[in-house]
């Protein structure tokens, strides 16, 4: 009996559907066409770059391997698995995909079995006369794709944060070691100066001067340790651990700054997940214009079925807005304005992307020059300090010259570490600005707007 009922119900439903669809359905609203983006032919600040490689050849989604650090590799691997912020965005992505499936389901008949005091099957189907369902499917699909790109953007951001924190932590390790060596040198000098003061060779001012420098170095050690602890805590949270349950052993910094190719500005539209997400939101907003327009027109629902008490059922239900008081026009205007807003946001996102690449290219070039210049000054400061130490060992001590050499060496070493930290951070920022190793192939690349020049 059940199989017979299903066949009869579907037969009636199909006949009604064919009869209606033969009259033709119209999809209202604009068909999405992404705006062309005016892009420069090359990055202005990339003029001094020595590499001819492209980002796609140099790095993939595991872009941090450019730095050749196994510990960093292990830490970043935990971000995707354990970071709670990333898990929240991933959950939103699954929600968006589910909403897209729900929207698609509206294209198919709804079949209900049973009924109050009756047995049978009733199927209903909304005929998409004006494309409202189609536009909703387009909008929800584009929104789901935007959420996928949002997830990639969040992952890239967290990976970049962890990488920068890790490099800064290693720089703090190096600075703490430097300050400890400097403190030991001041302590040796203080003992010599106190002995000389005891026999009348040095005055009280020499002792106080060395003591002051020693206290300053000791204070800087404590500040550096606090900074290191905070960076370690930040890394712990990024990998989903409580700071009390996580630590990173002290180690020297051996990482060098890699050459990061900038490629072409037009490629940025395909490589940055935030730009791709903004583009997909444009597509969703465009489809919503058609959905809003279609809501002003009548809707048609077909139904058919069989019940024990009433036998064969079938018919249609038409709902038509009568006195709407301008509501349909207002809805379309609202949807159109929302689309214009999202287009402007997209264009701003692209411009921000170009700016971020240019900013970090300029930073890396400037910092590279600063590192070269500082290398010469650091060499001179080290040689001067060596001469002073040698003189001290043979009993020749010029307290003022010794203090000047020690202070200059410390300042030069700290400046060198500061430049290294800034270069590493800027290189990560450049990689992030270029989209890491992400490619829009995970979305529908046919919908990514072409660049114009």
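The values are calculated or read from the model by the stated rules, or taken from the named source; none is laboratory data. What you see is a predicted model; the values in this text were computed from it and never measured. All Cβ positions, glycine included, derive from the backbone under ideal geometry; neighbour counts span all protein chains shown.
At a glance:
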read-out	value
Residue within the stretch 271-279 that is modelled with pLDDT of 85 or more, closer than 30 Å to residue 149 by Cβ and not in a helix (DSSP H, G or I) present	yes
Verdict on residue 88 being assigned to a loop (DSSP other than H, G, I, E, B), under 24 Å from the mean Cα position of the chain (by Cα) and either over 30 Å from residue 340 (Cα atoms) or modelled with pLDDT of 85 or more (or both)	no
Residue pairs meeting the criteria (Cβ under 9 Å; at least 6 apart or on separate chains; first under 15 Å from residue 126 (Cβ atoms), in the stretch 311-322; second modelled with pLDDT under 70 and surrounded by 10 or more Cβ atoms within 10 Å (Cβ to Cβ))	315/16; 316/16; 316/20
The stretch 44-85, subset part of a loop (DSSP other than H, G, I, E, B) and at pLDDT 90 or above, residue surrounded by the most Cβ atoms within 10 Å (Cβ to Cβ)	83
Residue selected from the stretch 156-196 under the condition over 30 Å from residue 428 (Cβ atoms) and surrounded by fewer than 16 Cβ atoms within 10 Å (Cβ to Cβ), by the criterion nearest to the chain's Cα centre (by Cα)	184
Options 244, 236; residue that is surrounded by fewer than 17 Cβ atoms within 10 Å (Cβ to Cβ) and in a helix (DSSP H, G or I)	244
Test result for residue 127, over 30 Å from residue 158 (Cβ atoms), surrounded by fewer than 17 Cβ atoms within 10 Å (Cβ to Cβ) and at pLDDT below 90	no
Condition met for residue 366 (part of a helix (DSSP H, G or I), at pLDDT below 95 and closer than 23 Å to residue 429 by Cβ)	yes
